[in-house]
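First up is the structure itself, then whatever we jot down about it.
The values are calculated or read from the model by the stated rules, or taken from the named source; none is laboratory data. Computed from a predicted structure; not experimentally measured. Note: ideal-geometry Cβ built from the backbone for every residue, glycine included; neighbour counts use all protein chains shown. Only protein heavy atoms, including side chains, enter the accessible area calculation; ligands, DNA and RNA are left aside. Shrake-Rupley method; radii C 1.70, N 1.55, O 1.52, S 1.80 Å.
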Amino acid sequence: MENLTNSAEEKQHSSLLTNSWSKKEELSKNQKPNGVGGFVLVHAGAGYHSESKAKEYKHVCKRACQRAVDRLRAGALAVEAVAAALVELEDSPFTNAGMGSNLNLSGEIECDASIMDGKSLQFGAVGAISGIKNPVLVANRLLSEAQKGKLSAGRIPPCFLVGRGAHEWAISHGIPPCPSEKMATKFSVSAYKRNKRKMEVAEKMDTGHNQTKKTRLSGENDSGCLDTVGAVVVDLEGNVAAAVSSGGLAMKHPGRVGQAAHYGCGCWAENACNMNPYSTAVSTSGCGEHLIRTMLAQECSAAMQSEDAHQALLEAMQNKFISSPFLASEDRVLGGVIVLRCCRCVETQQSQNIQGILVEFLWSHTTESMCVGYMSAQDSKAKTHISRLPPGTIPGQSLAIEGGVCRLMSVVE
């Protein structure tokens with residue numbers, strides 16, 4: 001029997017364990033929760049989300065949450081559910097991932113994606129891959145194949161593949177190809193043609209004006225094309241997983257690989273252990289070069305072991321990102337994160353053991369806006385929100401942070 005009590009409310013500040021539940025040791029291996037459940041938090045990118053397209057962004061976040069929750073209700077583990085959420089986000093023509101991704105300088109689509117399983121700590125990633133509709137499925141297959149152990153002759157299985165090699169590996173493992181022209185949308189092609197004309201004009205100008213023009217074009221690119229997508233999930237057993245996928249910056253150089261494929265930069269997931277009392281999962285979005293140089297996903301995960309989750313994320317974004325010495329030469333530091341942390345609690349009531357998972361979820365960004373959605377397996381529908389920087393603040397130099405708490409409960413026999 002499952003206790004259906006569940007609460008998820010938005011808060012500006014998350015406090016930890018301000019309830020009657022107490023943290024306990026992990027349940028013995030033969031004790032399993034009776035019922036299904038879990039929680040998912042997704043994002044459709046940190047960048048700029050216009051009011052005219054707000055409905056579409058929120059709708060795709062709702063669908064992604066529902067897809068993940070459907071898998072959780074069917075008994076899937078967190079890593080399976082997070083992959084399902086990413087497929088939905090990649091399939092949307094409104095996101096810069098999979099279908100509708102930004103085109104590079106050559107007018108081609110090259111995608112990055114990665115996934116991490118907090119239970120096994122396995123990681124899978126692809127970079128600059130073309131001709132695959134859902135790059136996250138390749139990353140997930142790399143992860144699952146690595147879990148099988150060594151290859152023939154004692155070879156180490158790959159966890160990160162790029163370019164043509166990644167494409168060939170995907171095909172050989174049953175993932176169907178998709179012609180790049182079918183992955184491009186009217187919007188992405190139009191944006192490519194518009195940016196190409198601007199670059200051609202800039203190149204005809206003299207050196208002095210050229211530098212000014214290039215700076216302005218970069219600023220336009222920074223504010224509107226950082227919509228990497230991602231998700232973090234916890235299942236009812238307390239396992240966490242994270243994933244991220246991106247088409248990269250518009251007009252990027254062919255072969256460029258962003259943070260979405262880099263270990264510790266695009267996503268991070270780690271179950272609680274003796275050293276860490278909390279399970280954590282992180283997914284990032286923003287300027288890939290900024291996120292790579294700061295390894296923001298892993299930094300935020302480590303910060304979440306502090307007592308106050310809200311304060312810890314605030315300090316991590318400020319000290320490890322905006323004010324990072326590795327980005328001292330940057331005028332604007334652009335990025336965003338979604339973070340989930342949880343701990344398992346047990347309370348004995350009469351003859352029943354009630355297992356609870358206290359989930360704290362947060363998002364923070366230095367970009368103009370960030371679109372998120374979240375849902376528990378007990379909820380009838382997902383909630384969505386477009387977070388925006390406070391009025392009068394400067395993108396890349398200030399940040400927004402919000403979040404909430406969700407409590408999942410079930411009977412353990």
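Data table
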| item | result |
| --- | --- |
| Listing of strands (runs of 3 or more DSSP E) fully contained in the range 228-306 that carry 3 or more residues being open to solvent by less than 10 Å² (accessible area, probe 1.4 Å) and in contact with a helix residue (DSSP H, G or I) (Cβ under 6 Å, 6 or more places away or on another chain) | 229-235, 240-246, 279-286 |
| Residue in the range 115-154 that is farthest from Pro277 (Cα to Cα), counting only those that are of a type in the set (A, V, I, L, M, F, W, C) and part of a loop (DSSP other than H, G, I, E, B) | Ile132 |
| Subset of the range 255-301 [among the aromatic types (Phe, Trp, Tyr) and under 21 Å from Gly124 (Cβ atoms)] | Tyr263, Trp268 |
| Check on Pro176, over 24 Å from Ala44 (Cα atoms), part of a loop (DSSP other than H, G, I, E, B) and touching a helix residue (DSSP H, G or I) at 6+ places or on another chain (Cβ under 7 Å) | no |
| Total residues in the range 208-237, condition at pLDDT 90 or above and touching a Pro at 6+ places or on another chain (Cβ under 9 Å) | 2 |
| Top-ranked residue in the range 133-145 [being open to solvent by less than 50 Å² (accessible area, probe 1.4 Å) and in contact with a Gly (Cβ under 7 Å, 6 or more places away or on another chain); ranked as farthest from Pro179 (Cα to Cα)] | Leu143 |
| Matching entry among Gly98, Gly149, Gly174 (being open to solvent by less than 40 Å² (accessible area, probe 1.4 Å) and without any contact (Cβ under 8 Å) to a residue 24 or more places away in the chain) | Gly149 |
| Failed item, numbered, when Ser106 is tested on (1) open to solvent by less than 40 Å² (accessible area, probe 1.4 Å); (2) closer than 22 Å to Ala250 by Cα | (1) |
| Count of residues meeting criterion [at pLDDT 95 or above and under 10 Å from Gly396 (Cα atoms)] in the range 322-331 | 2 |
| Count of residues meeting criterion [out of contact with any Lys or Arg (no Cβ under 8 Å at 6 or more places or on another chain) and surrounded by fewer than 18 Cβ atoms within 10 Å (Cβ to Cβ)] in the range 386-407 | 6 |
| Restricting the range 179-205 to residues that are part of a loop (DSSP other than H, G, I, E, B) and in contact (Cβ under 8 Å) with a residue 12 or more places away in the chain, the residue that is surrounded by the fewest Cβ atoms within 10 Å (Cβ to Cβ) | Pro179 |
| Residue match in the range 114-131 (condition: modelled with pLDDT of 95 or more, more than 24 Å from Thr284 (Cβ to Cβ) and surrounded by fewer than 24 Cβ atoms within 10 Å (Cβ to Cβ)) | yes |
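This table checks each residue for (1) at pLDDT below 95; (2) in a loop (DSSP other than H, G, I, E, B); (3) under 19 Å from Val339 (Cα atoms).
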{"residue": "Gln31", "(1), (2), (3)": "yes, yes, no"}
{"residue": "Val36", "(1), (2), (3)": "yes, yes, no"}
{"residue": "Leu41", "(1), (2), (3)": "no, no, yes"}
{"residue": "Glu56", "(1), (2), (3)": "yes, no, no"}
{"residue": "Cys61", "(1), (2), (3)": "no, no, yes"}
{"residue": "Ala76", "(1), (2), (3)": "no, yes, no"}
